[in-house]
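Student: If you scroll down you'll find the structure; I have some questions about it.
The values are calculated or read from the model by the stated rules, or taken from the named source; none is laboratory data. Computed from a predicted structure; not experimentally measured. Cβ coordinates were reconstructed from backbone atoms using ideal geometry, including for glycine residues, and neighbour counts include every protein chain displayed.
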Amino acid sequence: MMPEFQVSCPQSLAELGAEVSRLEGEVLFLSGGTDLILELRSGQRRADWLIDISQVPELQYIKVESRLNGLLKIGSGVTFTQLSSNALVWENAQCLAQAGKQMGSTQIRNRATLGGNIASASPAGDSLPALVALEAEVTVEGPGGARTLAVAEMLADTENALKARELVTEIAVPFAEPRVERRSAFVKIGSRTQVSIARLSLAAVVELENGIIRKLRLAVGALGKAPLRLENLERDWNGQPVRPEMAAELAQRLTETVDKAIPGRQSQAYKRQAVQALAYDIFAELFPEQGLSQGGGGNDRR
Ligand SMILES: Cc1cc2nc3c(=O)[nH]c(=O)nc-3n(C[C@H](O)[C@H](O)[C@H](O)COP(=O)(O)OP(=O)(O)OC[C@H]3O[C@@H](n4cnc5c(N)ncnc54)[C@H](O)[C@@H]3O)c2cc1C
């Protein structure tokens, strides 16, 4: 049985702010409800008030801003369906669009929001490795004011984590420097029966100048509390031309990352195999001109 709580439905950001200040007791934001309703129903969480933020138009936009080199700005209320069907997202943050396309089922994607995925901060959250690899920033507003920080920072430590009554308002993805070609990809191995569990995911962003790697960001999801970056490999490949042998090196480094992250865990044997398939898949997505076909099953694999 669903426990009792009251619901407030603000129609603007100003009304929402007023409700956050006015309401007493345990107050939670309700966006798509795909995580929260289950948690309330199971008794995992409780609330005196739910603020339904799904009717707030100021949280629903995808736009490009020309500040600095350019920014892709996404309101936290954007659903995964909107994210994965938007041309600006495909053009400027392909790995995020691919993550959006592969998360959950059609029904879940129609309701689940990017803000909810970030706030839930599940190790298996599909948008998270993509946002970390893109070096995205998140803006949150709360009783203590507004703050903007890297998504990676927010996920990495409890000090920066989202606090009670803090609202995720916006996600910003910086563009690459001019004259640099940026490519990105997201691949995942999930489960059809438990669609909320990404068993393993991998996001990569690479910036190329005349075929030379100028910047690389790799983030593995569902291996630790927050996405794990492969900083050593990112450094080693910097300044190098792309070569087909790099696919095997990526597979090797990812296997070592699994061994280090979850030594002795029951899933270790499975994940060290699975990550190798993901390595070849993402390499083929990023560098199709290298002529390697996708390893174990393609981008839409579950
Ligand atoms: C069947 C099923 C399959 C799923 N499959 C996947 C999957 O493949 N990949 C994946 O990543 N996830 C999956 N999920 C989990 C879930 O759909 C996502 O985490 C989703 O993005 C949550 O967003 P929401 O809008 O539904 O959040 P809600 O459920 O409304 O809220 C989740 C939490 O975030 C808080 N919150 C929501 N919005 C904000 C905001 N703007 N600011 C601050 N706090 C906020 C809420 O208070 C709550 O604590 C699945 C869930 C189900 C039930």
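Student: Ala150: more than 7 Å from the ligand (Cβ to nearest atom), closer than 29 Å to Glu15 by Cα and under 16 Å from the mean Cα position of the chain (by Cα), yes or no?
Tutor: Details: more than 7 Å from the ligand (Cβ to nearest atom): yes; closer than 29 Å to Glu15 by Cα: yes; under 16 Å from the mean Cα position of the chain (by Cα): yes.
Taking the combined requirement at face value, the residue satisfies it.
Student: Moving on to the next point. Can you spot a residue in the range 25-43 that is at pLDDT 95 or above, exposed (fewer than 15 other Cβ atoms within 10 Å of the Cβ) and in contact with a Ser or Thr (Cβ under 8 Å, 6 or more places away or on another chain)?
Tutor: Among the residues of the range 25-43, not one is at pLDDT 95 or above, exposed (fewer than 15 other Cβ atoms within 10 Å of the Cβ) and in contact with a Ser or Thr (Cβ under 8 Å, 6 or more places away or on another chain), which makes the answer no.
Student: Take residues that are in contact with a Lys or Arg (Cβ under 7 Å, 6 or more places away or on another chain) and tell me which of the helices (runs of 4 or more DSSP H) falling wholly in the range 41-118 contain 1 or more. Explain how you work it out, then say what you get.
Tutor: Details: elements: 80-84, 87-92, 94-102, 106-111.
Here the list reads 80-84, 94-102.
Student: Could I ask something else about it? Go through the range 150-171 and give me each residue that's assigned to a strand (DSSP E or B) and either under 24 Å from Leu30 (Cβ atoms) or in the same structural domain as Arg217 (by TED's automatic domain parsing) (or both). Write out each step before concluding.
Tutor: Here is the first cut: in the range 150-171, the residues assigned to a strand (DSSP E or B) are 150, 167-171.
Selection gives Leu167, Val168, Thr169, Glu170, Ile171.
Student: For the range 119-142: of the residues being away from the ligand (no atom under 13 Å from the Cβ) and in a loop (DSSP other than H, G, I, E, B), which is nearest to Val205 (Cα to Cα)? Don't jump to the end; show me each part of the working.
Tutor: In the first step, residues of the range 119-142 are kept if they are away from the ligand (no atom under 13 Å from the Cβ); the result is 132-137.
Now narrow it down to the ones that are in a loop (DSSP other than H, G, I, E, B): 134-136.
On the way: Leu134: 6, Glu135: 9, Ala136: 12 Å.
Of everything passing the filter in the range 119-142, Leu134 is nearest to Val205 (Cα to Cα).
Student: Also, I was wondering about something else. Considering only residues of the range 163-179 that are modelled with pLDDT under 95 and surrounded by 15 or more Cβ atoms within 10 Å (Cβ to Cβ), which is nearest to the ligand (Cβ to nearest atom)? Even if it seems obvious, please write down each step before you answer.
Tutor: Of all residues in the range 163-179, those modelled with pLDDT under 95 come to 175-179.
From what's left, surrounded by 15 or more Cβ atoms within 10 Å (Cβ to Cβ): 175-176.
Details: Phe175: 24, Ala176: 26 Å.
The extreme case among them is Phe175.
Student: Quick check on my filter: what residues within the range 23-39 are more than 6 Å from the ligand (Cβ to nearest atom) and in contact with a strand residue (DSSP E or B) (Cβ under 9 Å, 6 or more places away or on another chain)?
Tutor: Once the filter is applied, which keeps residues that are more than 6 Å from the ligand (Cβ to nearest atom) and in contact with a strand residue (DSSP E or B) (Cβ under 9 Å, 6 or more places away or on another chain), the range 23-39 yields Leu23, Glu24, Gly25, Glu26, Val27, Ile37.
Student: Count, please, the residues in the range 85-118 that happen to be within 10 Å of the ligand (Cβ to nearest atom) and in contact with a Phe, Trp or Tyr (Cβ under 6 Å, 6 or more places away or on another chain).
Tutor: Selection size over the range 85-118: 5.
Student: Could you run through the range 124-158 and say how many residues are surrounded by fewer than 16 Cβ atoms within 10 Å (Cβ to Cβ) and free of Cβ contacts under 8 Å to residues at least 60 places away in the same chain?
Tutor: Here the count works out to 10.
Student: Let me ask another. Any idea which of Gln82, Gln60 is closer than 17 Å to Ala119 by Cβ, of a type outside the set (D, E, K, R) and more than 10 Å from the ligand (Cβ to nearest atom)?
Tutor: Values: Gln82 fails: closer than 17 Å to Ala119 by Cβ.
After applying the criteria, what remains is Gln60.
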